[in-house]
Amino acid sequence: MSESEIAESGHGPAMEASPFAIPSRKLATWLFLISDAATFGSMLYGYGYLRTASNDWPTPFKFNPSVVNVLTMTAVLLTSSLTMLGAMDSAKAGDKAKAGRFLWSTILLGVIFAGLHIREWFGLIDEGVRLLQNPWGSPLFGATFFSITGLHLLHVIGGVVAIAVIARGYARGSLTAGHVETVGLYWHFVDLVWMFIVPLVYLLNLSR
Amino acid sequence: MTPSQYSGNVIEKYLWVYFALLLLAVLEVFIAYQHFSTQALLALLLALAFCGATLALRYFMHLAQESRGLFLALIPAVIFVLLMMNMIWPDSFRLLHMRPFAH
């Protein structure tokens, strides 16, 4: 019997059960994250292609300030993942106040991360790095660096906005713990991508 | 799962993952300052990044607690896509040495 026949006859569910026994919202988030992983993957491959093909790729990142800044950013982002876990767990337990505190802590840490990221950008811009030029070597360095870190920064800023909207909706009762869980998945993915950007974009281009 | 089944102590439960990820980040920086060849450094850093990603996927994103079907539907596909992108390297090395295509 087809789905429409089932719906017309009024017997049985008109909708199939959600695949993998998870809510469709969560499955959609997972599918989005997988496609986003392919996007970041292709950007990092493109960066690797250009870096390998250039014999004068710049290595501008000094221990201080760049590596120290990147380590601080990593610690901030990992801490925000931990607070997001707290928010997801508190929301599932129905503790709205606690979930709200965790969500706003995550937002604060996300804002700090974005601030540190922008400070890193301005440091490089002060040294003369632009999208298509820099004082040291291959002009494509700026294009790849700003594109990859910019896309990640966009994800962080988008995540901060999404968490703020969900924190407000959840506190008012218009959104559920499921919404907190899906935005949490997204936030952890942003953290995961950073784990690949740091070694490939920063640590392979250290100034010695 | 009912709300009462959530411990409310999830941060304590996953604190070891947090410290493991921090340790991996510090280890990556340490390795980056050792005198490895670029290829060896790349392999080591990628291996550590994959370890970190596995921890984040399993514990932070709770993929370990989802059905095996979800894992099999998502992760092999993305790994396959990323592996297929490796086709670009021969051309990248060709450009480095400025060798024209064979006629």
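The values are calculated or read from the model by the stated rules, or taken from the named source; none is laboratory data. The structure displayed is predicted, hence computed values, not measured ones. FYI the Cβ positions are ideal-geometry reconstructions off the backbone, even for glycines, and counts take in every protein chain you see.
Checking each residue in region A:77-106 for being surrounded by fewer than 20 Cβ atoms within 10 Å (Cβ to Cβ) and hydrophobic (A, V, I, L, M, F, W, C) picks out A:A93, A:A97, A:W104. If only residues of region A:50-69 that are surrounded by 19 or more Cβ atoms within 10 Å (Cβ to Cβ) and within 8 Å of chain B (Cβ to nearest Cβ) are counted, the one that is nearest to A:L206 (Cα to Cα) is A:V67. Contact map, region A:13-36: first residue β-branched (V, I, T), second residue outside any loop (DSSP other than H, G, I, E, B), Cβ cut-off under 7 Å, separation 6 or more or different chains; pairs are A:I22/B:L70; A:T29/A:T182; A:T29/A:L185; A:T29/A:Y186; A:I34/B:L74; A:I34/B:A77; A:I34/B:V78. Only one of the listed residues (A:V67, A:V76) is assigned to a helix (DSSP H, G or I) and either in contact (Cβ under 8 Å) with a residue 60 or more places away in the chain or touching a strand residue (DSSP E or B) at 6+ places or on another chain (Cβ under 9 Å) (or both). That residue is A:V67.
Of all residues in region A:14-37, those satisfying the criterion of being more than 12 Å from chain B (Cβ to nearest Cβ) and either within 13 Å of B:M61 (Cβ to Cβ) or of a type outside the set (D, E, K, R) (or both) are A:A14, A:M15, A:A17, A:S24, A:A28.
Please enumerate the residues belonging to region B:51-68 that are free of Cβ contacts under 8 Å to residues at least 40 places away in the same chain, in a helix (DSSP H, G or I) and surrounded by 12 or more Cβ atoms within 10 Å (Cβ to Cβ). Within region B:51-68, B:C51, B:G52, B:A53, B:T54, B:L55, B:A56, B:L57, B:R58, B:L63 meet the criteria. Here A:A7 fulfils each of the conditions (1) modelled with pLDDT of 85 or more; (2) surrounded by 12 or more Cβ atoms within 10 Å (Cβ to Cβ) apart from (1). In this structure, does A:T106 turn out to be at pLDDT 95 or above, among the hydroxyl-bearing types (S, T, Y), within 29 Å of B:F19 (Cα to Cα) and part of a helix (DSSP H, G or I)? The answer is yes for A:T106. Before we move on, is A:V129 within 12 Å of another protein chain (Cβ to nearest Cβ) and in contact with a Phe, Trp or Tyr (Cβ under 8 Å, 6 or more places away or on another chain)? In short, no.
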